[in-house]
Amino acid sequence: MDRKRVPGPELTVPPLVEYALDQKRWSPQEECRHDANRQPEDLRPIYLKTGLISQASGSAYIELEKTKIACGVYGPRPIKKSGYGFSGTGTLNCEFKFATFACVKRRNHIRDPQERELSMILTQALTPAVRLELLPKSAIDVYITVLECDGLSSCFAAAITAASVALAHAGIEMIDLVAACSASYVIMDRTLSSAVPPPSTTSDSAPAAVSLRPPTIIMDADLEEEKFEEGSIMVAYMPSLNEVTHVLQNGKVDRSIVSQSVEHCIEACNKIYAVMRHALVESIDEKQTR
């Protein structure tokens, strides 16, 4: 046995690559979405199931094609840390974590600053819907694990949806469910049209006027479409109360485009809300049949 060299494994498998050698990469010049069967306003099919984690007070699993997220809710349980006085309202603690194999680039076991920021935003989006005033000196812990990520904005929106359903499944009193949806701004045709200025008598030459098409609002963008986005927006919304709990905007875009994207996200949240209600009704029916 050669001790100076590390022997390879007896069984080997081909590495996982992002693109196959014969696969054509998508680009916005095609003027269609990465999934040609989807229109810009279409969402991916949603699979939502409760009761995934038996040890948790409530849990939910959501899947949007290549996006897979599991959520577990524990509590309410009393706060046992010393130094904390009596609190008239409860505390909602959220932890957002990518699995090491969830993204194309391998993630670390320890939470990075991006995951800490998303955890804070998740808490801000869910807190208005939870009646924490009924849980004095108690804490509710929400743990979200992303098993597979196909687009950051859409993945985070799905995490908010799954966390809201898991809280309702745990029996936590809420004023409404929180549905979330994302939209991306993608310029589908990047060809520039140059207008040649008329000849001038002066020596200074005027620059050519370049016109660029406004970005297209694409709902629930996947990873390939996010690579070409000019910006994105995520809206967390309570459909029954018609109230927005959180808006997360990235990039620079015209104000009218932002207003249209918010309206599209609210319409999509109403559709997602029907899926959330159906999943909770199914969980009640399963408990009654046991």
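List of remarks:
- Applying 1/(1 + (r/R0)^6) with R0 = 22 Å to the Cβ-Cβ distance of A36 and K105 gives a FRET efficiency near 0.20.
- In plain terms, the chain from K137 to M120 could stretch by 4.1 nm, reckoned as 0.36 nm per residue minus the Cα-Cα distance.
- Rounded to 0.05, the FRET efficiency of the R213 and M174 pair, given R0 = 41 Å and the Cβ-Cβ distance, is 0.45.
- When peptides 217-223, 238-244, 137-143 are sorted by average Cβ neighbour count within 10 Å, with the highest value leading, the order is 217-223, 137-143, 238-244.
- Partners of K49 within straight-line reach, counting aspartates and glutamates whose Cα lies under 15 Å from its Cα and excluding those fewer than 8 residues away in the same chain: E63, E65, E282, D285, E286.
- Accessible area in the full protein assembly, largest first, 1.4 Å probe, for H246, H264: H264, H246
- In terms of distances greater than 26 angstrom between alpha carbons, the cross-link table entries K66/K252; K137/K271; K97/K227; K68/K227; K66/K271 yield K66/K252; K137/K271.
- The Cα center of the range 62-140 and the Cα center of the range 225-290 differ in position by 19 Å.
The values are calculated or read from the model by the stated rules, or taken from the named source; none is laboratory data. Predicted model only: the values in this text are computed from it and were never measured. Don't worry about glycine lacking a Cβ; one is built from the backbone with ideal geometry, like all the others, and counts go over all protein chains shown. Accessible surface is based on the protein model in full, side chains and every heavy atom, while ligands, DNA and RNA are left aside. Shrake-Rupley method; radii C 1.70, N 1.55, O 1.52, S 1.80 Å.
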